[in-house]
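Enquirer: My questions all concern the structure below.
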Amino acid sequence: MLNTINRVSLLRSPHNKDSNVFEELWHINSPWFETPNVRRGGWSGVVKCMIDNFGRSEKVFIKRQENHMTRTLIHPLNGIPTFLREYHNIQLLHAINIPTLDVLYFDTKGAKAVLVTKALEGYISLDKIELSTLVSQDKKTLISSIAKVIRDLHQHNYQHNCLYPKHIMVRQSANGWDVKLIDLEKLKYRLVKSRAVIHDLTTFVRHLSDIWSGRDKVIFFQAYFEQSKISCQSKKIIHTVCKKIKWKDDARKQFESAPLT
């Protein structure tokens, strides 16, 4: 348990320059929540632990990385820490009222970066939800809630760029379903909104093909386009999405069936 860091010190500023806080977070000795990502001479990993909130424990995720960079237009050679991009994107979504993670702390030191976010207690990733176990109204409300969040994102011309079901967290509440988008490292702004729409919907629908029924997808598109009867223009978008899904699936099958030499 992380007793020595009070939540107040973390919340004073998400971009906190207290080196003692950074060092303590960096040297936390807790089991990895998932296998660290190692690439290009760098690494990135996550642990889940507790912080002291005035004597009450609060679960957080502490993400640490070193030499784990992503290139940008402004930094095409050395790049920036991927957590810096994720931190900025989380703040950006909060600014446009798209539900996502809550940052408690972020800072960098040389090639190192630390990002602390509140754990999404009670939430589960969409790929773990079996719609067949939900009553009809709960299922429809869940699908509609997801569609609304994705639509709101696209209305601001943002493309999630990695919109897999596992990156959509949901929680049932008394008022319906709470939905949050996570894994924002690759979020990008598109000058042409339709490109964001086609890209994200292709990824999203393709990876739900074995989970959602045809009727579930119809409910999704009706909610996404806010149309009880899908318009001709919306049908064109759906047709484009379906063509891209078929092309990707056909390409995958050809690759898997190709003889190894």
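Enquirer: Listed here are the pairs Lys128/Lys180; Lys63/Lys118; Lys140/Lys229; Lys148/Lys217; Lys63/Lys112; Lys166/Lys243; which of them are more than 18 Å apart at the Cα?
Expert: On the way: Lys128/Lys180 15 Å; Lys63/Lys118 11 Å; Lys140/Lys229 16 Å; Lys148/Lys217 14 Å; Lys63/Lys112 11 Å; Lys166/Lys243 23 Å.
Correct reply: Lys166/Lys243.
Enquirer: List the aspartates and glutamates whose Cα lies under 20 Å from the Cα of Lys244, skipping any in the same chain that are fewer than 8 positions away.
Expert: Answer for Lys244, where 20 Å is the Cα cut-off: Asp200, Asp210, Asp216, Glu256, listed by chain and number.
Enquirer: Which three lengths, in whole Å and largest first, does segment 124-257 cover when its Cα atoms are put on their principal axes?
Expert: Extents along the principal axes, in whole Å: 44, 37, 34.
Enquirer: What is the sum of charges around Ala119, taking Lys and Arg as +1, Asp and Glu as -1, for the other residues whose C-beta is under 11 Å from the C-beta of Ala119? Intermediate values should be presented prior to the final figure.
Expert: Values: positive: Lys48, Lys59, Lys118; negative: Glu58, Asp102, Glu121.
Charge balance near Ala119 sits at 0.
Enquirer: Which stretch or stretches of segment 33-56 have amide N atoms under 14 Å from the point lying 7 Å from Arg171's Cα along the Cα→Cβ direction?
Expert: none
Enquirer: Can you tell me the order of 209-221, 160-172 when each peptide is scored by its average per-residue count of other Cβ atoms within 10 angstrom, highest first?
Expert: 160-172, 209-221
Readers should treat all values here as calculations from the given coordinates under stated rules, not as data from a laboratory. Remember, predicted model here, so these are calculated numbers, not experimental data. Counting neighbours? That spans all protein chains shown, and the Cβs are built from the backbone with ideal geometry, glycine included.
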